[in-house]
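The structure appears below as structure tokens.
Any read-out appearing in this document is the output of simple, stated calculations on the displayed coordinates, not a laboratory observation. In this text the structure is predicted, and so the values were computed from the model without any measurement. All Cβ positions, even for glycine, are placed from backbone atoms using ideal geometry, and neighbour counts span all protein chains on display.
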Amino acid sequence: MAENEAKSTEDDTGISSQEPRRKTISNAYVHRLQRRHFLLFDVLPIFGTVAAFAFLAVHPFGAPELALLLAMWIVTGLGISVGYHRLFTHRSFKAKPWVANLLAVAGSMAGQGGMVSWVALHRRHHECSDREGDPHSPNLAGGGLKGRLRGLMHSHFLWMRRHEYPNVVHYAPDLLKNRSLVRVARFYYYWIVLGLVIPAVIGGLVYQSWTGAVSCLLWGGLVRIFVLEHIVWAINSFLHMFGTRPYRSREESGNGGIFALLTFGEAWHNNHHAFPESPSFGLDWYRLDPGYWLVKLLKITGLAWDLKVPTSERREAKRIHTKIERTAAAA
Ligand SMILES: [Zn+2]
Ligand SMILES: [Zn+2]
């Protein structure tokens, strides 16, 4: 891309001091960090999940493992969906600073990237969605079955090995100004470790054994990271190739309603691309959206306000009417 063409006057961050601010940064240092993060937090949980099953020979899967897997999955999943996505990226509602900080901690524990980087990447995804510059579109790898499969692999997983890093000064200046939030987000790696220590300590105490601690670390830590990652990545990959499209939007996003509960409401991805400013992704009360349920709960308790739910006129203006609806309207 022209905006990323190498310039001769780069400093070691890759940003030229004489050129207008670049939207993305691409240099050896950034790519080394990306590769390390990919191996530690995207590849390692795969081996951790295999290890968890192998460890069943040593320690059985019991109620503590199930409870920790579910609880940690819900906490970190809501941290990503409500914190990283709806609050920090799209600013679809306002919340008390301590609530925002807690959501940043919960989201960090998921191991899907530091908060500011995640926000910058996701804002770039919305800016370029399914066009050149989108960090994880499945639709730019050519046609045919081979191109589609290559696109799915890229958007689901492989893009994280190495990608153009969105310049956070360009994409997330609002967050950089929020000093208390940045202070919390800076401890990203510590929060990930905390997310592993919590299940290990609880497991050790409940079972009163080291094998219990290891078993709960595996299930409540690494398996939980693995499960949530693939759920979030499936939105980037499958729901930009498949799904229903009730609303007009310029990219290929689709809704996958049957996965709504499992994805904390993120599966209403076409709704979300059509109305990115909305804290509700389901948009209608009967479309399951656990992330929005938490936002509503925060609103009821006075911890969140200024929910930017789209009006019915705005929704109607973007709605794609089915053939039957068009015929009925014309009659
Ligand atoms: Zn998308
Ligand atoms: Zn979004």
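For the range 131-183, state which trypsin sites (Lys or Arg not before Pro) are in a DSSP loop and have at most 16 other beta carbons lying within 10 Å of their beta carbon. The qualifying sites are 131, 162, 177. Put the Cα centre of the range 83-97 next to the Cα centre of the range 225-267 and the gap is 20 Å. P(r) tail for the chain: Cα pairs beyond 31 Å make up 36% of the total. In order along the range 56-72, the Karplus-derived 3J(HN,Hα) couplings, from 6.51 cos²θ - 1.76 cosθ + 1.60 at θ = phi - 60°, round to 4, 5, 9, 9, x, 7, x, 4, x, 4, 4, 4, 5, 4, 5, 5, 5 Hz, and Gly and Pro are given as x. Under a GNM of the chain (C-alpha, springs under 10 Å), which listed residue has the highest mean-square fluctuation: 260, 200, 57? Among 260, 200, 57, the largest GNM mean-square fluctuation belongs to 57. Only helices enter this figure: runs of n ≥ 4 DSSP H residues, each worth -39500 (n - 2.57), summed and divided by the residues of the chain, yield -15000 deg cm²/dmol at 222 nm to the nearest 500.
On the principal axes of its alpha-carbon atoms, the range 141-223 has extents of 55, 43, 15 Å, going from largest to smallest. Count charges around residue 72 for me, please; just the other residues with Cβ under 12 Å from its Cβ, Lys/Arg as +1, Asp/Glu as -1. Net local charge, residue 72 excluded: 0.
About its Cα centre, the dipole of the range 23-330 is roughly 660 debye, where the only charges are +1 on Lys and Arg Cβ and -1 on Asp and Glu Cβ. Expressed in Å, the radius of gyration and Dmax of the Cα atoms of the range 183-281 are 18.1, 56. For 259, 93, 47, the sequence from fewest to most other C-beta atoms within 10 Å is 47, 259, 93.
Springs between Cα atoms under 10 Å define the GNM used for the chain, and in it the highest mean-square fluctuation of 193, 232, 82 occurs at 193.
Between amide H atoms placed 1.01 Å from N, distances below 5 Å from residue 24 occur with 167, all of them 5 or more places distant or on a separate chain.
Charge tally around residue 239: other residues with Cβ under 13 Å, Lys/Arg +1 each, Asp/Glu -1 each, net -3.
For the chain, the number of Lys pairs with C-alpha atoms closer than 28 Å, counting only pairs eight or more positions apart or on separate chains, is 21.
The Rg/Rh ratio of the range 105-193, with Rg taken over Cα atoms and Rh as the Kirkwood radius over Cα pairs, comes to 1.06. Looking at the range 274-331, the chymotrypsin sites (Phe, Trp or Tyr not before Pro) that sit in a DSSP loop and have at most 11 other Cβ atoms within 10 Å of their own Cβ are 285, 286.
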